[in-house]
């Protein structure tokens, strides 16, 4: 597996926070996408999930995460849909091919790489979903794992 450092440009995002099982992520992706379209917002290509805790540390019903889409412009928060601007930042990145439920080893490998190579982890893991789970088989899903870091000298 290739792990590389890269710069992520700043972006505006529309998102919804969720609590509970990761099993519903494909449904939540669809839900957030519909909310974004309903508001007439122009999507700019990034669909993501940011994870604030782990099933290794909390019960499934206490998992906390957000699902979001990058957008061209921001509007005031309404209903479930929140908006924020993510600043430009550095990440360690690796690709996962296959079911979302099997991305854990990739996340662990990126974290281990960060620790062994002098990086400080400065934010939660984000997964960027590169294809649609409604259009491809589970084993063909492509997910980019991103871990925000700074290099410590």
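Of note, residue 8 does not satisfy the criterion of being within 14 Å of residue 128 (Cα to Cα) and touching a helix residue (DSSP H, G or I) at 6+ places or on another chain (Cβ under 7 Å).
Looking only at segment 28-58, residues that are within 14 Å of residue 132 (Cα to Cα) and surrounded by 12 or more Cβ atoms within 10 Å (Cβ to Cβ) come to 10 in all. Residues in segment 96-112 that are touching a residue at least 60 places away in the same chain (Cβ under 8 Å) and touching a strand residue (DSSP E or B) at 6+ places or on another chain (Cβ under 6 Å) were compared, and the one that is nearest to residue 20 (Cα to Cα) is 106. For the criterion of being free of Cβ contacts under 8 Å to residues at least 40 places away in the same chain, under 15 Å from the mean Cα position of the chain (by Cα) and more than 15 Å from residue 8 (Cβ to Cβ), residue 53 passes.
Every number in this text was worked out from the coordinates using simple rules, so none of it is lab data. Being a predicted model, the structure only gives us computed values, none of them experimental. All Cβ positions, even for glycine, are placed from backbone atoms using ideal geometry, and neighbour counts span all protein chains on display.
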